[in-house]
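Step one of this worksheet: look at the structure below.
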Amino acid sequence: MKFVIQRVTEASVTVDSTIIGEIQKGFLVLIGISDSDTEETADKLVKKMLGLRIFEDHDGKTNLSLTDVEGNLLLVSQFTLYANCRKGNRPSFIEAGKPEKANALYEYIIEKCRATIPRAQTGKFGAEMKVRLVNDGPFTIILDSRDM
């Protein structure tokens, strides 16, 4: 499982010219799921993400978490995080999770995040989405379950 976490001042996701998710200060999280991922994997990454202290405190040090700053979440599924570009120029996506399993885990992640951040917004699994963001910093963190 991979989370690409971007600290943002604002972000939105649009499907068919309609904004379906929009946040102000918080995290835009691109979520990639493989077939080997489980709910336990998701639990570890969600806990780590929600605990990240990457917002500035009154001294300008990155010392505050998402909950400390009453930040928002925008969670977007992105199977292309599992692109394999080792051979040739056309990426292979065979390492990405099958849609049924990936969607179930994506929904599980949403549920776990909303237990802490009730105002969490989402993209639409499997849809063609347009994602807009203003990256704050820029500040981007990649969590990969293979590294945990």
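The values are calculated or read from the model by the stated rules, or taken from the named source; none is laboratory data. This one's a predicted model, so the numbers in the text were calculated from it and none came from an experiment. Cβ placement follows ideal geometry from the backbone for every residue including glycine, while neighbour counts extend to all protein chains displayed. Ligands, DNA and RNA are stripped out before the accessible areas are found, and what is left, the full protein with its side chains, is counted by its heavy atoms. Shrake-Rupley method; radii C 1.70, N 1.55, O 1.52, S 1.80 Å.
Details
- Surface share of carbon and sulfur [accessible, 1.4 angstrom probe, percent] for the chain: 48
- For the pair segment 1-70 and segment 108-145, the centres of their Cα atoms are 5 angstrom apart.
- Note: relative contact order over the chain, using C-alpha pairs below 8 Å and six or more positions apart, is 38 percent.
- Point-charge dipole on Cβ atoms (K/R +1, D/E -1) for the chain, about Cα centre, debye to 20: 400
- Given Lys25/Lys87; Lys47/Lys130; Lys25/Lys112; Lys47/Lys87; Lys48/Lys87, the pairs whose alpha carbons are separated by over 31 Å: Lys25/Lys87; Lys47/Lys87; Lys48/Lys87
- Relative to the dominant Cα principal axis of the chain, helix 99-116 is inclined by about 10°.
- Between 0 and 90 degrees, the angle of helix 39-51 with respect to the longest Cα principal axis of the chain falls at about 30 degrees.
- Within the chain, longest stretch clear of exposed GluC sites (Glu not before Pro) (DSSP loop, no more than 16 other Cβ within 10 Å): 1-69
- Once both labels are positioned 7 Å from their Cα atoms along Cα-to-Cβ, the gap between Glu22 and Val69 label points is 2.1 nm.
- Inter-probe distance in nm under a simple model that places probes 7 Å from Cα toward Cβ, at Asn84 and Arg119: 4.2
- Theoretical FRET efficiency, 1/(1+(r/R0)^6), r = Cβ-Cβ of Val15 and Asp57, R0 41 Å, to 0.05: 0.65
- Within segment 58-148, the chymotrypsin sites (Phe, Trp or Tyr not before Pro) that combine a DSSP coil assignment with at most 13 other C-beta atoms in a 10 angstrom radius are Phe93.
- At full extension, Asp43 and Glu95 could sit 16.7 nm farther apart than now, given 0.36 nm per residue minus the alpha carbon distance.
- Mean residue ellipticity, 222 nm, helices only, the chain: the sum of -39500 (n - 2.57) across DSSP H runs of n ≥ 4, divided by residue count and rounded to 500, is -7000 deg cm²/dmol.
- About the centre of its Cα atoms, segment 24-76 shows a dipole size close to 140 debye [charges on the beta carbon of Lys, Arg (+1) and Asp, Glu (-1) only; nearest 20 debye].
- Dipole of segment 1-138, positive direction: furthest Cα of Ile117, Phe93, Phe79, with charges on the beta-carbon: Phe93
- Within the same chain, aspartates and glutamates fewer than 8 places from Lys98 are excluded, and of the rest, those with a Cα less than 19 Å from its Cα are Asp35, Asp37, Glu39, Glu40, Glu107, Glu128, Asp144.
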